[in-house]
Amino acid sequence: MEGSDTYLIRPNHQHKFKPAVVKECIREIVRERLSGMRYDPEEVPELSRSLADCIKDKVKNAGFDRYKLVVQVVIGEQRGQGVKVSSRCLWDADTDNYAEDVFMNLVLRCGGFRKLLLLRTTGWMIFFR
Amino acid sequence: MTGMEEYQNGSEGAFNSEETDGIVKECIENVVAGDDYSQGQVNKWTASIVERCLTQLVKQGKPYKYIVTCAVMQKTGAGLHTANSCYWDTAMDGSCTVRWENRTMYCVVSVFAVAIA
């Protein structure tokens, strides 16, 4: 049975991508790292990179065999501006999927000044033979 | 099977991020053109940009699956950052991110190309 793995053209149920599991991975890491954090342009580049790496590593070890993984983190400062993110994929809808989490942070500072942090994290999983 | 091997060995089959860069820029310019940021149009713009990019990529007939994302943000002095982390075959798979802006908005498009086999 193990030898025949090479010829699998579909993931078996146990190893098939489960969006809810991945969404929970993202949510957990994002809440842990970003709660109470305010937008700081000096820190955000490093923060966004390390978040993406951290989520990739966690999902990689979640047991979805034969999946390639793409994680994207978008962090923006909220100053009342409009923002819209869209995505489209060309893939096998039967095996491939994605999970997404949106996080918004409101931080009250002295004098009531506030800075909001808006973050959208998406993980895409692509099955390969 | 032979076809796949030819694709993998020939450079025209591999993901070309420079070529993709050009495709993406053209799609953004065709959709947004000289318009200013508009709340009423932004949903249509982002959808239209990702769909056009995907259509152009598919036309190349390469053995890839694609993920295309587009973020449009109105300019108010606020910062925007994106970061990617991928677990894939670095020899075959690739990505490309294009930053575009005009007087009133930023547009950031990312393309991820993942080899089928």
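Remarks
- Members of region B:88-117 found to be among the hydroxyl-bearing types (Ser, Thr, Tyr) and crowded, with 16+ Cβ neighbours inside 10 Å, listed by number: B:Ser95, B:Thr97, B:Tyr106, B:Ser110
- Evaluating B:Gly61 against the criteria (1) outside any strand (DSSP E or B); (2) open to solvent by 60 Å² or more (accessible area, probe 1.4 Å) leaves one unmet condition, (2).
- Subset of region A:85-129 that is of a type in the set (Gly, Ala, Ser) and surrounded by fewer than 17 Cβ atoms within 10 Å (Cβ to Cβ) - its residue that is modelled with the highest pLDDT: A:Ala93
- Some residue of region B:43-60 being charged (D, E, K, R) and under 16 Å from A:Ile126 (Cβ atoms): no
- The set of residues in region B:64-79 that are crowded, with 20+ Cβ neighbours inside 10 Å, at the interface with chain A (Cβ under 7 Å from one of its Cβ atoms) and in a strand (DSSP E or B) comprises B:Lys65, B:Tyr66, B:Ile67, B:Val68, B:Thr69, B:Cys70, B:Ala71, B:Val72, B:Met73.
- For B:Ser85, the test of being of a type in the set (S, T, N, Q), at the interface with chain A (Cβ under 9 Å from one of its Cβ atoms), open to solvent by 10 Å² or more (accessible area, probe 1.4 Å) and under 20 Å from A:Gln72 (Cβ atoms) is failed.
- Condition met for B:Tyr37 (at the interface with chain A (Cβ under 10 Å from one of its Cβ atoms), in a loop (DSSP other than H, G, I, E, B) and on the phi < 0 side of the Ramachandran plot): yes
- Exclusive hit being assigned to a helix (DSSP H, G or I) and in contact (Cβ under 8 Å) with a residue 12 or more places away in the chain, set B:Thr82, B:Thr46, B:Thr55: B:Thr46
- For A:Gly63, the criteria (1) farther than 20 Å from A:Lys23 by Cβ; (2) touching a helix residue (DSSP H, G or I) at 6+ places or on another chain (Cβ under 9 Å); (3) of a type outside the set (Phe, Trp, Tyr) hold in every case but one, which is (1).
- Every residue from region A:30-53 that is of a type in the set (A, V, I, L, M, F, W, C) and within 14 Å of the chain's Cα centre (by Cα): A:Val30, A:Leu34, A:Leu47, A:Leu51, A:Ala52
- Checking each residue in region A:42-56 for being over 26 Å from A:Asn97 (Cα atoms) and surrounded by 15 or more Cβ atoms within 10 Å (Cβ to Cβ) picks out only A:Val44.
Yes or no, residue by residue, for (1) surrounded by 15 or more Cβ atoms within 10 Å (Cβ to Cβ); (2) without any contact (Cβ under 8 Å) to a residue 40 or more places away in the chain; (3) closer than 15 Å to A:Thr122 by Cβ:
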position	(1), (2), (3)
A:Lys23	yes, no, yes
A:Val30	yes, no, yes
A:Asp40	no, yes, no
A:Lys58	yes, yes, yes
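- Looking only at region A:73-103, residues that are under 26 Å from A:Arg10 (Cβ atoms) and either at the interface with chain B (Cβ under 7 Å from one of its Cβ atoms) or part of a loop (DSSP other than H, G, I, E, B) (or both) come to 10 in all.
- Failed item, numbered, when A:Arg38 is tested on (1) within 11 Å of chain B (Cβ to nearest Cβ); (2) closer than 30 Å to B:Ser38 by Cα: (1)
The values are calculated or read from the model by the stated rules, or taken from the named source; none is laboratory data. On a predicted model such as this, the values are computed, not experimentally measured, just so you know. In this analysis, Cβ positions are derived from the backbone assuming ideal geometry, glycine residues included, and neighbour counts consider all displayed protein chains. Just the protein is used for accessible areas: all its heavy atoms, side chains included, with ligands, DNA and RNA removed. Shrake-Rupley method; radii C 1.70, N 1.55, O 1.52, S 1.80 Å.
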